[in-house]
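Heads up: the structure comes next, in structure tokens.
No lab work stands behind these numbers, since they all come straight from the coordinates. All of these numbers come straight from a predicted model, not from anything done at the bench. With ideal geometry, Cβ positions are generated from the backbone for all residues, glycine too; neighbour counts draw on all protein chains shown.
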Amino acid sequence: MSKIKVLVVDDSPTMRQLVSRVLENDPEIDVVGSAKSAQHARELIKLLAPDVMTLDVEMPEMDGLSFLEKVMRLRPMPVVMVSTLTAKGTDTAVAALALGAVDCVVKPSASDPDSFDQLPAKIKIAAKVKRRAPTIQAAVRPPHVNGSYQPDGRVVGIGSSTGGVEALISVLTAFPANCPPTLITQHMPPVFTRNLAARLDKMCAPRVVEATVGAPLTPGTVYIAPGGDLHLEVAGRTSFACALKPGGLVNGHCPAVDRLFSSLARSLGPRAVGVLLTGMGRDGAHGLLEIREAGGRTIAQDESTSVVYGMPKAAVELGAVDSQHPIARIGEVIIEATSSRT
């Protein structure tokens, strides 16, 4: 099997050497070139046709986010951002994921000297991602956003992983301000989820917050599972609230989509709507089946628009999915499924 061709882009010669050395220690990866600037990287992309690019956030002439936007628009390819991820940088990392980066890796520091240990694995995941233009487009808001929608009491759970930030933006920007109560488990580290919630809150009509223990589920609010060691679940039988519960890794993740979906099935039965978006692995498939068997509605992103068609595919193969749709349609489908006027 041919090696994964990687282009390393960083303005620091020391960091370029470090990234290259870490990657070339993996027999499945070949660093075909390194670039010190966006202009240099453009030339090497044309010359070397890499499978994956690592990209620094802070660079002279053109910063990493600006270059990422151009790459994803003009020559889409899998990109892994390499950042110091300070408080400011973490927000930048979430912005990069929204633009189409596959993942972000922390540069080594005194407090985290082994952060690059995960870099080869992330490169291998990125190599499996489809090269495609971003799905997020500026569009006229759907008619229901202007006030025609009334929720019918259903509660929505959404699960996503690789490529999920882009997908969530597409879904939630189609929601009206009085959307159904919506809980989201996106596989992300701590702090990232707080910045994701803040970013989505600025972009979307509903209020988007990081979930807290006991927060009541109300129309017009979207709750993001905090990254860390607790699972987001729904608690209650007649009135419902967010619960954050321990339990270790499920399907290799915490928080896990399966835990969210299972709780929706138990608490809400036919009033639950489960939505599974792009992501690697099988997390969410069994929980989505539980929702369907409890009489709820189940929706999955289709293969053509998934960055990684892993989680949705697992759910389809399990018989857990009522319908599949391209990402640009899923927000509308959720609203149609939860409207009191349909």
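Remark on the chain: hydrodynamic radius 20.4 angstrom, per the Kirkwood mean of 1/r across alpha carbon pairs. Given R₀ = 51 Å, what would the calculated FRET efficiency be for residue 238 paired with residue 303, taking r from the Cβ atoms and rounding to 0.05? Computed FRET efficiency for residue 238 and residue 303: 0.85. In this calculation the C-beta distance from residue 69 to residue 317 is compared with R0 = 45 Å, giving a FRET efficiency of 0.80. Beta-bridge orientation, the chain: approximately 15 percent antiparallel, per DSSP, counting only bridges with both partners inside.
Among 309, 223, a tally of other beta-carbon atoms within 10 Å of each Cβ gives an order, fewest to most, of 309, 223. Between 281, 236, 310, the Gaussian network model of the chain with springs among Cα atoms under 10 angstrom shows the greatest mean-square fluctuation at 236. If you run the Gaussian network model on the chain, springs between alpha carbon atoms under 10 Å, then out of 83, 262, 115 the most flexible one is 115.
The aspartates and glutamates within cross-link reach of residue 107, meaning a Cα-to-Cα straight distance under 18 Å and a gap of 8 or more places when in the same chain, are 10, 11, 24, 56, 58, 63, 91, 117. Over 26 Å between C-alpha atoms is what I'm after, so list which of 46/128; 70/128; 70/313; 124/245 land there. Checking Cα-Cα distances, 70/313; 124/245 exceed 26 Å.
Amide hydrogen proximity for residue 35: with H placed 1.01 Å from N in the peptide plane, the residues at 5 or more positions away or on another chain lying under 5 Å are 8, 9, 10. For the range 271-316, the equivalent ellipsoid built from the Cα gyration tensor has semi-axes of 19, 10, 7 Å, listed from largest to smallest.
Relative contact order for the chain: 13 percent, from Cα pairs under 8 Å spaced at least 6 residues apart, divided by residue count.
Distance between Cα centroids, the range 247-281 to the range 30-79: provide it in whole Å. Measuring centre to centre over Cα atoms gives 36 Å. Per-residue Cβ neighbour counts within 10 Å put 103, 302, 114, 56 in the sequence 114, 302, 103, 56, beginning with the fewest.
Going by neighbour counts of Cβ atoms within 10 Å, the residues 123, 45 line up, fewest first, as 45, 123.
Extension gain for residue 203 to residue 115 (0.36 nm times residue separation, less C-alpha to C-alpha distance): 28.6 nm. Given springs between every Cα pair under 10 Å in a Gaussian network model of the chain, which of 207, 194, 237 has the largest fluctuation? Highest fluctuation of the listed residues: 237. For residue 148 and residue 47, a Förster radius of 45 Å and the Cβ-Cβ distance give a FRET efficiency of 0.25, rounded to the nearest 0.05.
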